[in-house]
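Here the structure comes first, spelled out in structure tokens, and everything after it is commentary.
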Amino acid sequence: MPTPPERRPAPPTTHTTLRRLWTRLPRMGGRGVLKATTEALRSCLVHVAHLSLQDFRSYPAAEVALEPGVTAFVGPNGQGKTNLVEAIGYVASHGSHRAATDAPLVRHGAPRAIVRAGLVKDDRKALIELEINPGKANRARLNRSPVPRPREILGMLRTVLFAPEDLSLVKGDPGERRRFMDELLTARAPRFAGVRSDYDRVLKQRNALLKSAAAHRRSPGPEVLATLDVWDSHLARTGSELLAARLELVEALRPLAVRAYATLAPGGDAADLHYKSSLGDGELSTDRGKLADQLLAALGESRKQELDRGVSLVGPHRDELVLRLGEFPARGYASHGESWSFALGLRLAAFDLLRADGDDPVLILDDVFAELDTGRRSRLAETVAAAEQVLITAAVPADVPAELTGASYTVSDGQIVRD
Ligand SMILES: Nc1ncnc2c1ncn2[C@@H]1O[C@H](COP(=O)(O)OP(=O)(O)OP(=O)(O)O)[C@@H](O)[C@H]1O
Ligand SMILES: [Mg+2]
């Protein structure tokens, strides 16, 4: 029988501790200071100045120097454009937008991959180094010193990445939208990586207990029920924290997403979104204590059903971010173009939200423009042009809107050559 976990201290990384981490880094001398001064407008923003890969995806080795502003990576299909921006996304989130595990990120036949990113913020710089060891613990170094847990540097770089896979944000299962919310929560406050993994652990253990009780097909004894009570309180505690954070997030995100969609697709049906909780359709407060009580009560009510079915039926893992276009749910009704614009609107809203928190995230647009008609293309280009750093991939130069002038690289056969 699984035993309840010890209560662990909250993971230390918050936005404030990250700021402190940046402050502790040494100041750059000479040219760095000059550059920071001449870029006064962008001066409190983070950008990636350098990316170095070793055995990451198709690259045995790669080096790219980057600047603030727009950078386009252009080249035929399958040449490694997405691999580059995926690596930058990995530095920000310690995960890939297109692989559920780390194994596909390591070049075929190599034991590990290394991603190094040089970041610049104000007149400080940071060198982040991540060693990806599939099946084993990954390792991280900050300015060449080992970091005890990679999670501690999560959030030093923040990215918003929009890619063709994002269509599943609108068309896919609720789990896709829950992941979107939780990743955004983590980007805003990295300690949510800990909250999320605590919740997942509690859920897994609780489900194991329910499953074994259901398998015995007789009334569970007092010992099982007592253990379940303990798991209920753990689920209510961590679940209420996740639920409250998601409710606050959706409230902040909603007006931004509505506006972003209206900008991208003017004249169409209005977009809207709301959070649908397994606690029912009533209005929920964001008071953690109240939510924990409500979760406990709902778990009590569904206990018999949970014991019959052997799964947890109440909690944020059952919740949904409902997207609507006009009168209809977007999922199942929206056209391909509408779904694409809605997904893009959600990413732009995420970008606006992170930007409102403080530092501009790096915006990554992977193969986005080819899918858009000319009107949407130029509206998107206008929207993103002001971002601190925008990285774009495209198969042909014509897919990069003329409004987005900046550096351009040709990616072909594993070579990344500045045009
Ligand atoms: N772990 C790996 N080891 C070796 N090669 C890999 C690995 N993962 C992916 N690749 C190769 O990387 C290439 C895909 O690169 P990528 O997705 O960056 O292409 P792209 O330039 O973005 O293409 P497109 O324009 O079609 O999106 C494929 O040829 C694939 O086989
Ligand atoms: Mg690609």
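The numbers here are math on the coordinates, done by the rules we state, and not lab data. For clarity, every value in this text was computed on a predicted model and none was experimentally measured. Using ideal geometry, Cβ is built from the backbone for each residue, glycine included, and neighbour counts are taken over all protein chains shown.
What fraction of the DSSP beta bridges in the chain is antiparallel, stated in percent and rounded to the nearest 5? It would help to have the intermediate numbers written out before the result.
Numbers: 45 of 64 bridges.
The antiparallel fraction comes to roughly 70 percent.
Could you list which residues have their amide H under 5 Å from that of L161, counting only those 5 or more apart in sequence or on another chain, with H placed in the peptide plane?
I364
What number comes out for the charge environment of E306, summing +1 per Lys or Arg and -1 per Asp or Glu over other residues with Cβ under 14 Å away?
Values: positive: R206, K211, R303, K304, R309, R318; negative: D229, D232, E301, D308.
Summing Lys/Arg as +1 and Asp/Glu as -1 gives +2.
Quick one: Karplus J couplings for region 375-381, per residue in order, coefficients 6.51, -1.76, 1.60, θ = phi - 60°, nearest Hz, x for Gly and Pro?
Values per residue, Gly and Pro as x: x, 5, 4, 6, 5, 5, 4 Hz.
If I model a spin label at T286 and K211 as a point 7 Å from the Cα along the Cα→Cβ vector, what separation in nanometres do I get?
The two pseudo-label positions are separated by 3.5 nm.
Near the amide H of N138, under 5 Å away, which other amide H atoms are found, from residues 5 or more places off or on another chain, if H is placed in the peptide plane?
Amide H neighbours of N138, under 5 Å, 5+ apart: N133.
Just add up the charged neighbours of F73: K/R +1, D/E -1, any other residue whose Cβ is under 12 Å from the Cβ of F73. Don't skip to the answer; put the middle values down first.
Values: positive: K81, R418; negative: E86, D366, D367, D399, D419.
My count for the surroundings of F73 gives -3.
By how many nm would the segment from A370 to R418 grow when fully extended, if each residue of separation counts as 0.36 nm and the alpha-carbon distance is taken off?
This chain segment gains 15.1 nm when fully extended.
With n ≥ 4 as the cut-off for DSSP H runs, can you work out [θ] at 222 nm for the chain, using -39500 (n - 2.57) per run divided by the number of residues, rounded to the nearest 500?
Details: 11 runs with 174 residues, N = 419.
The helix contribution divided over the chain gives -13500 deg cm²/dmol.
Given K211/K276; K136/K276; K81/K171; K276/K304; K121/K204, which pairs have Cα atoms separated by over 30 Å? It would help to have the intermediate numbers written out before the result.
Details: K211/K276 26 Å; K136/K276 37 Å; K81/K171 25 Å; K276/K304 23 Å; K121/K204 40 Å.
Checking Cα-Cα distances, K136/K276; K121/K204 exceed 30 Å.
Between A402 and D269, what is the label-point separation in nm under the 7 Å Cα-to-beta-carbon projection?
A separation of 3.6 nm, rounded to one decimal place.
How much net charge surrounds W340 when only the other residues with a Cβ under 9 Å from the Cβ of W340 are counted, with Lys and Arg +1 and Asp and Glu -1?
Details: positive: R376; negative: D166, E338, E371.
Net charge around W340: -2.
Quick check: pseudo-label points 7 Å beyond the Cα along Cα→Cβ at E63 and S335, how many nm apart are they?
4.9 nm
Provide the per-residue ³J(HN,Hα) series for region 341-350, in order, calculated from phi with Karplus coefficients 6.51, -1.76, 1.60 and θ = phi - 60°, each as a whole number of Hz, with x at glycine and proline positions.
Per residue, the Karplus-derived 3J(HN,Hα) values read 5, 5, 4, 5, x, 5, 5, 5, 5, 4 Hz.
What list of ³J(HN,Hα) couplings, whole Hz, do you get for region 80-97 from phi and the Karplus terms 6.51, -1.76, 1.60, once you set θ to phi - 60° and write x for glycine and proline?
Computed from phi, the couplings for region 80-97 are x, 6, 5, 4, 5, 6, 4, 5, 5, x, 5, 4, 6, 10, 6, x, 10, 7 Hz.
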